[in-house]
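Report on the following structure.
The values are calculated or read from the model by the stated rules, or taken from the named source; none is laboratory data. Note that this is a predicted model, so its numbers are computed, not measured. Cβ coordinates were reconstructed from backbone atoms using ideal geometry, including for glycine residues, and neighbour counts include every protein chain displayed. Side chains are part of the model used for accessible areas, which takes the heavy atoms of the whole protein and leaves out ligands, DNA and RNA. Shrake-Rupley method; radii C 1.70, N 1.55, O 1.52, S 1.80 Å.
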Amino acid sequence: MSDALLLGLDVGTSAVKAAVIDADGREVAHGRAPTPWTSVPTGAEVDPDALLDAAAAAAHEALDAAPDGAVEGIGVAGMAETGVLLDDRGRPAVPSIAWHDTRGHDEALRMAAELGEERFAARTGLPCSELCTLAKYAWMRSHLPDAARGMRWLNVGEWIVRGLGGEEATERSLASRTGFYDLHERRPWADALAWAQAPDGLMPDAVDAGTPMGRASAGRLGRAEGAVLTVGGHDHLAAAVGADAAGDGDVLDSSGTAEAFVRAVAPLAPDAVAHSVRRGVTVGWHAVPGRQALLGAVWAGSALSRVLALLGVPVEERHELEALALDADPGTLSLHGVNDDELLLRGITRDASPARLYRAALEAVGADGAEVLRVMEIVAGGPARRLVVTGGWAAGVGARAAKREHLGPFEHSPALSTGARGAALAAGRAAGLWTIDDAPSPIGAPQEVN
């Protein structure tokens with residue numbers, strides 16, 4: 001086991017990220033390839049085969065840089081909602097629609113009217129919106145003739161596993177984002193699939209992240225041939241595993257373009273699920289067996305980058321401004337609409353300055369994050385056990401000060417690629433190297449930030 005290596009892939013919106021870890025959980029090599037979207041007026045779509053090629057390219061880059069050792073397992077985590085509709089020959093019937101694409105808006109309104117908004121939330125843990133897979137699939141059936149040939153739906157991580165030689169199955173945390181999976185019955189929701197006129201068997205049987213799903217075939221990944229394959233789950237939830245923040249009561253704060261908050265909880269009753277969704281926090285099965293996850297988001301990085309653009313400061317050069325913002329008093333300045341298409345700045349007085357404006361922006365995103373945690377505390381029935389922070393938008397001294405002020409004490413994970421590392425840890429479970437309870441922590445453990 002000492003020479004064992006594990007490969008994790010995180011198929012994200014901007015890029016496919018790869019990480020190789022050793023038997024001690026240390027990240028020893030990385031790779032990256034851009035996600036090959038094609039822009040369309042409503043957002044973006046992708047050729048599933050091109051996406052598989054990008055995953056293979058990121059994997060090869062990481063494996064080529066990795067030390068000697070046998071690759072025992074490969075785990076794939078990735079974005080939710082986007083998926084691949086396969087025909088009866090197992091080939092993609094239509095392009096895959098980006099999770100953020102607006103196609104499906106009218107179908108989401110029909111879902112709310114015909115399936116019932118409250119009922120839908122209680123069963124699926126999601127609001128009726130174009131983001132969920134069900135709305136996208138219904139749009140495909142109404143607008144793309146080739147979608148009628150579709151017999152099977154695989155989420156992105158499941159498609160990559162299949163393309164590398166694995167078996168077809170639905171991973172439970174990704175199934176939870178489709179809108180046609182019943183959280184409480186743990187099986188496809190027949191009413192939703194019938195509403196969308198889906199064929200029998202559209203969703204394969206669901207399994208937990210870390211379940212063995214075959215072995216890597218020859219030709220795709222070279223030295224990884226024969227490695228056990230598994231799906232590592234929804235990318236945010238896999239990141240919680242990779243950051244050692246997936247225990248009951250743990251919260252991950254992944255500070256990216258969208259700042260995602262993930263809290264691990266015991267399974268919730270349908271009324272509690274519906275209540276959480278009404279308050280803006282979705283519910284699904286976690287990327288670890290037996291736990292559910294509360295998921296809320298603030299468009300923090302997006303808002304901060306817009307403020308920086310207004311100030312003429314490149315994102316990668318923001319740290320000097322952030323240091324000045326640490327000691328700046330925003331005064332009457334306040335930023336509104338962090339989660340909206342338009343930001344509103346109020347209270348611009350004669351003593352306004354770039355540092356004060358940026359401090360006001362940090363305060364705004366911090367306050368919105370605190371509200372997400374407050375809702376999670378209500379839904380879960382108590383405060384979080386610990387908060388672990390990752391991501392580039394938490395790197396600056398000003399951002400960390402605002403987090404401490406609004407969110408309270410937190411730890412910082414030393415993992416470099418939390419999503420890919422979480423997928424690699426799932427591969428370790430599939431290969432029998434460890435369980436979820438004794439998997440190695442990233443370089444020891446997350447460290448408390450003072």
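Being open to solvent by 10 Å² or more (accessible area, probe 1.4 Å) and either modelled with pLDDT under 90 or not in a loop (DSSP other than H, G, I, E, B) (or both) is the requirement here; does ALA367 meet it?
Judged against the criteria, ALA367 is a match.
Test each condition in (1) within 14 Å of the chain's Cα centre (by Cα); (2) open to solvent by 30 Å² or more (accessible area, probe 1.4 Å); (3) under 26 Å from ASP437 (Cβ atoms) for ASP208 and report the one that comes out false.
So ASP208 meets the others, but not (1).
Let's see how each residue does on (1) outside any loop (DSSP other than H, G, I, E, B); (2) closer than 16 Å to ALA198 by Cα:
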{"residue": "ASP88", "(1), (2)": "no, yes"}
{"residue": "THR102", "(1), (2)": "no, no"}
{"residue": "LEU109", "(1), (2)": "yes, no"}
{"residue": "ALA113", "(1), (2)": "yes, no"}
{"residue": "GLU117", "(1), (2)": "yes, no"}
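Anything in the stretch 178-196 that is in contact with a Ser or Thr (Cβ under 9 Å, 6 or more places away or on another chain), in contact (Cβ under 8 Å) with a residue 24 or more places away in the chain and not in a loop (DSSP other than H, G, I, E, B)? List them, or say none.
Within the stretch 178-196, TYR181, ASP182, ALA192 qualify.
Of everything in the stretch 147-167 that's open to solvent by 40 Å² or more (accessible area, probe 1.4 Å) and touching a strand residue (DSSP E or B) at 6+ places or on another chain (Cβ under 9 Å), which residue is farthest from LEU85 (Cα to Cα)?
GLU167
Against the conditions (1) hydroxyl-bearing (Ser, Thr, Tyr); (2) in contact with a strand residue (DSSP E or B) (Cβ under 8 Å, 6 or more places away or on another chain); (3) surrounded by fewer than 24 Cβ atoms within 10 Å (Cβ to Cβ), where does SER173 fall short? Just the number, please.
(3)
Determine whether the stretch 38-58 contains at least one residue that is in contact with a Leu (Cβ under 6 Å, 6 or more places away or on another chain) and assigned to a strand (DSSP E or B).
no
Tally up the residues in the stretch 20-36 that are out of contact with any Lys or Arg (no Cβ under 6 Å at 6 or more places or on another chain), open to solvent by 40 Å² or more (accessible area, probe 1.4 Å) and without any contact (Cβ under 8 Å) to a residue 60 or more places away in the chain, please.
3
Restrict the check to the stretch 342-351 and report whether at least one residue is assigned to a strand (DSSP E or B), at negative phi and in contact (Cβ under 8 Å) with a residue 24 or more places away in the chain.
So in the stretch 342-351, the residues assigned to a strand (DSSP E or B) come out as 344-346.
Narrowing further to those that are at negative phi: 344-346.
Checking which are in contact (Cβ under 8 Å) with a residue 24 or more places away in the chain leaves us with none.
No, there is no match, as no residue in the stretch 342-351 is assigned to a strand (DSSP E or B), at negative phi and in contact (Cβ under 8 Å) with a residue 24 or more places away in the chain.
Quick one: would you say GLY392 is open to solvent by less than 20 Å² (accessible area, probe 1.4 Å), closer than 16 Å to VAL298 by Cβ and in contact (Cβ under 8 Å) with a residue 24 or more places away in the chain?
No.
Restricting to the stretch 415-432, name every residue that is modelled with pLDDT under 95 and open to solvent by 40 Å² or more (accessible area, probe 1.4 Å).
LEU416
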